[in-house]
Amino acid sequence: MRADTLREALMQAYQTNPTITGARAQLRATDENVPIARANGIPSLDATGGYSESLKSATNSYLTAPRQATAGLQLTVPVFQGGAVKNNVRAAETRVEAGRAGLRSTESDLFTRVVAAYMDVILNTAVVRLNEQNVHVLQVNLDATNDRFQVGDLTRTDVAQSQARLAQARGQLRDAQAQLISSRETYISVVGTPPDNLQSPPDLPNLPGSTENAVDIALRENPQLEQARQALKAAGYDVNVAEAGKLPKLSVILGGQYYNYLGSLPPLAVAEGVDNGGNSATAGVQLTLPIFQGGRPAAQVRQAKALRGQAIEQATAAERQVVQDVRSAYASWQSAQYLIRSSRSAVDANRLSLEGVRAENSVGTRTILDILNAEQELLNAQVQLVTAQRNAYVAGFALLSAMGRAEANDLGLDGGGLYDPTLHYKDVRGSVWDWREGDDAEPVATSTTDTPAQTSNVAPLGEDETLDLGVGDAGE
C-alpha cells in the first residue's frame, strides 16, 4: 500500500496548488512594472511614412508636384524628467520586493492549510476507528446482556439501556464518518491527490521557548509584515513621482526625413532645377516648463501623501496582526501540549476504571449502566487525546508560520526544485525589445475532477487497542 508523508503532501501542494501557482503568475506581472517604468527614461525611435496625391491642383501651382511620398525617423532622448522616471523605477522595484514577500506569505499560508488538512484526515480516521471499536464493544455488550436476560440474571431495563447506548454509538459513528469524508475531500482540494495511508508527521523544528522570543522573530521575519513595510517604502517613492509633475522636463530630439515626388514634378519645376527627391535632418532640444496645470500636480501630490499615510497605518495593522497571531498560536500550542498529557492520563485511568467496573459487575456490585458509562468515558478521553494531538501540531505549525519560518526553504522541501522568483525578474528587468512578448499562459495547477469520491473506509482498530497519532509533546 502506498503511504503519504507530510513532506510529500507539502511538496505536491507547492508544485500544483492553484493558489500558489496563481500568486507566482501575479508576481511575474509585478516584475514587468520595472521595465515599464524604465521605458519612460530610455530613448525612443519613431518612424513615419506617408503618401499623398493631389486630386485637384490650384491653377497657380506651377511648381507643386501632385504626388509625394515621405519617410522619416525621429529619435527622442529624455534628459531630465524631474526625477519621475527614477522614482517610478524605485517604486516598481520596491513593489517587486513586496510581491516576493507576499508570495512567501501565500506559501506559508498554503503550507498551514496542508498541515491542517493532513492532520484532520489523521484525526478523523482515528475518531472513526475509535467509534467503530465502540460500536463493536457495545454490540458485544448487548449480546451478552440479552443472554443474561434470557436466564433471568438481568432485567429488561438493562437490555434497553444497552440498546439505547448502541443506537447512540452508531449515530456518533455516522457523524464521524461524514467528518472523515469531508476532511479527505478537503485534503484533495488543497494537496491535489487523495490521501493514502497518511503517516505520522515529523517533529516540528525550531519552536520558540517563549512568547517574547516568538514575537521578536516574527517582527524580523514575518512575510506579511515585510510586504507591508515594502509597500510603505514604495508609497514614499510615489510621492516623489507626483512632485515631479511640477518640474521642468528636457529632451533632445534628432530627426531625419526623406521625400520623393515620384516623377510627378511639373516641367517648369524640373527646368528650375527642383530635385525629384531628397532628404533633410533636424536636431534640437525641447524644454517643457509647467506654469499652470489647473491644480492637478498639487492634487496628485496630496493624493500620494494620503496613500502613503494609508500605507503607514497598514504597516501598523500588519504588525498588530502578527503580534496577535504569534501570541494566540503560542497559547494554543501550549494549551494543546498540556491537554495531551492530561488526556493520556485520563485514557489510562478510564481504561483501568473500565476493567474494574467489568470485574465488579461480574460479582454483582456494578450495573450494566456503570459499564456503559465507563466505556463512554474511555471513548471520550481517547477522542480528546487524538484531538489534542492534532491541535498541538497544527497550532505549532501556525506558530512557525506567524514567525515567518514555515516556508519551503525552512522545511527543506528541495525535491523537484524550488521556485525562484528572481529568475523571471532578472530576465525581464533590462528587456527593451518591443516584440519580446513571452509565451502564452498555460495551466500549471492540476485538476481534481478525476479523483474518486472519498469514502469513510478505515483499517479496523483492535479491541482495547491504544490509539495515538504519533504526535507527542516534545518541543515544549
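The values are calculated or read from the model by the stated rules, or taken from the named source; none is laboratory data. Note that the structure is a prediction, hence the values are computed from the model and not measured. Cβ sites come from the backbone with ideal geometry, for glycine too, and all protein chains shown count toward neighbours. For accessibility, only protein heavy atoms count, side chains too; no ligands or nucleic acids. Shrake-Rupley method; radii C 1.70, N 1.55, O 1.52, S 1.80 Å.
State whether the residues of region 412-419 include one that is closer than 17 Å to Trp333 by Cβ, in a loop (DSSP other than H, G, I, E, B) and touching a residue at least 12 places away in the same chain (Cβ under 8 Å).
Within region 412-419, the subset closer than 17 Å to Trp333 by Cβ is none.
Looking through region 412-419, none of the residues is closer than 17 Å to Trp333 by Cβ, in a loop (DSSP other than H, G, I, E, B) and touching a residue at least 12 places away in the same chain (Cβ under 8 Å).
Scan region 191-244 residue by residue and report those that are part of a loop (DSSP other than H, G, I, E, B) and under 17 Å from Asn409 (Cβ atoms).
Answer for region 191-244, where residues must be part of a loop (DSSP other than H, G, I, E, B) and under 17 Å from Asn409 (Cβ atoms): Pro202, Leu204, Pro205, Asn206, Asn222.
Scan region 227-243 residue by residue and report those that are within 21 Å of Gln324 (Cβ to Cβ) and either among the small types (Gly, Ala, Ser) or surrounded by fewer than 22 Cβ atoms within 10 Å (Cβ to Cβ) (or both).
Ala228, Arg229, Ala231, Leu232
Here is a list of conditions, (1) part of a helix (DSSP H, G or I); (2) open to solvent by 70 Å² or more (accessible area, probe 1.4 Å), and Asp153 meets all of them except one; can you say which number that is?
(1)
For Val394, only one of the following conditions fails: (1) β-branched (Val, Ile, Thr); (2) at pLDDT 95 or above; (3) surrounded by fewer than 18 Cβ atoms within 10 Å (Cβ to Cβ). What is its number?
Among (1) β-branched (Val, Ile, Thr); (2) at pLDDT 95 or above; (3) surrounded by fewer than 18 Cβ atoms within 10 Å (Cβ to Cβ), the lone unmet condition for Val394 is (3).
Residues checked against (1) open to solvent by less than 60 Å² (accessible area, probe 1.4 Å); (2) closer than 30 Å to Asp410 by Cβ:
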{"site": "Ala9", "(1), (2)": "yes, yes"}
{"site": "Asn17", "(1), (2)": "yes, yes"}
{"site": "Gly22", "(1), (2)": "yes, yes"}
{"site": "Arg28", "(1), (2)": "no, yes"}
{"site": "Ala37", "(1), (2)": "yes, no"}
{"site": "Ser44", "(1), (2)": "yes, no"}
{"site": "Thr48", "(1), (2)": "no, no"}
{"site": "Glu53", "(1), (2)": "no, no"}
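Quick check on my filter: what residues within region 66-90 are in contact with a Gly (Cβ under 8 Å, 6 or more places away or on another chain) and within 12 Å of Pro43 (Cα to Cα)?
Within region 66-90, Gln74, Leu75, Pro78 qualify.
When you look at Tyr258, is it open to solvent by 60 Å² or more (accessible area, probe 1.4 Å) and either assigned to a helix (DSSP H, G or I) or under 30 Å from Ser44 (Cβ atoms) (or both), yes or no?
Details: open to solvent by 60 Å² or more (accessible area, probe 1.4 Å): yes; either assigned to a helix (DSSP H, G or I) or under 30 Å from Ser44 (Cβ atoms) (or both): yes.
When the stated conditions are applied, Tyr258 passes them.
How about region 397-418: which of its residues are of a type outside the set (Gly, Ala, Ser), open to solvent by 30 Å² or more (accessible area, probe 1.4 Å) and modelled with pLDDT under 90?
Hits for region 397-418 are Asn409, Asp410, Leu411, Asp414, Leu418.
Out of all the residues in region 1-55, which are assigned to a strand (DSSP E or B) and in contact with a Gly (Cβ under 6 Å, 6 or more places away or on another chain)?
If the condition is that a residue be assigned to a strand (DSSP E or B) and in contact with a Gly (Cβ under 6 Å, 6 or more places away or on another chain), then Thr48 is the only one that fits.
Taking Val444, is it aliphatic (A, V, I, L, M), under 30 Å from Asp46 (Cβ atoms) and either open to solvent by less than 10 Å² (accessible area, probe 1.4 Å) or touching a residue at least 12 places away in the same chain (Cβ under 8 Å) (or both)?
For Val444, the condition - aliphatic (A, V, I, L, M), under 30 Å from Asp46 (Cβ atoms) and either open to solvent by less than 10 Å² (accessible area, probe 1.4 Å) or touching a residue at least 12 places away in the same chain (Cβ under 8 Å) (or both) - is not met.
In contact (Cβ under 8 Å) with a residue 12 or more places away in the chain and either open to solvent by 70 Å² or more (accessible area, probe 1.4 Å) or not in a helix (DSSP H, G or I) (or both): is that true of Ser343 in this structure?
no
Keeping to region 274-324, report how many residues are more than 28 Å from Leu45 (Cβ to Cβ), of a type in the set (Ser, Thr, Tyr) and surrounded by fewer than 11 Cβ atoms within 10 Å (Cβ to Cβ).
Here is the first cut: in region 274-324, the ones more than 28 Å from Leu45 (Cβ to Cβ) are 274, 291-324.
Next cut, of a type in the set (Ser, Thr, Tyr) only: 316.
Keeping just the survivors that are surrounded by fewer than 11 Cβ atoms within 10 Å (Cβ to Cβ) gives none.
Number satisfying all stated conditions: 0.
If you scan region 108-153, which residues turn out to be within 25 Å of Asp175 (Cβ to Cβ), without any contact (Cβ under 8 Å) to a residue 60 or more places away in the chain and of a type in the set (D, E, K, R)?
Once the filter is applied, which keeps residues that are within 25 Å of Asp175 (Cβ to Cβ), without any contact (Cβ under 8 Å) to a residue 60 or more places away in the chain and of a type in the set (D, E, K, R), region 108-153 yields only Asp143.
Pairs only if they're at least six apart or on different chains, beta carbon under 6 angstrom, first in region 358-371 and at negative phi, second outside any helix (DSSP H, G or I) and open to solvent by 70 Å² or more (accessible area, probe 1.4 Å); list them, first residue then second.
Within 6 Å, the pairs are Glu360/Arg366.
Within region 295-317, is there a residue that is touching a strand residue (DSSP E or B) at 6+ places or on another chain (Cβ under 6 Å), of a type outside the set (Ser, Thr, Tyr) and either free of Cβ contacts under 8 Å to residues at least 60 places away in the same chain or more than 30 Å from Thr387 (Cα to Cα) (or both)?
Residues of region 295-317 that are touching a strand residue (DSSP E or B) at 6+ places or on another chain (Cβ under 6 Å), as a first pass: none.
Checking region 295-317: not a single residue is touching a strand residue (DSSP E or B) at 6+ places or on another chain (Cβ under 6 Å), of a type outside the set (Ser, Thr, Tyr) and either free of Cβ contacts under 8 Å to residues at least 60 places away in the same chain or more than 30 Å from Thr387 (Cα to Cα) (or both).
Looking only at region 355-370, count every residue that is open to solvent by less than 30 Å² (accessible area, probe 1.4 Å), within 56 Å of the chain's Cα centre (by Cα) and at pLDDT below 90 and tell me the total.
So the answer is 1.
Scan region 394-451 for residues that are under 17 Å from Arg28 (Cα atoms) and touching a Lys or Arg at 6+ places or on another chain (Cβ under 7 Å) and jot them down.
Listed by number, the residues that qualify are Tyr419, Pro421, His424.
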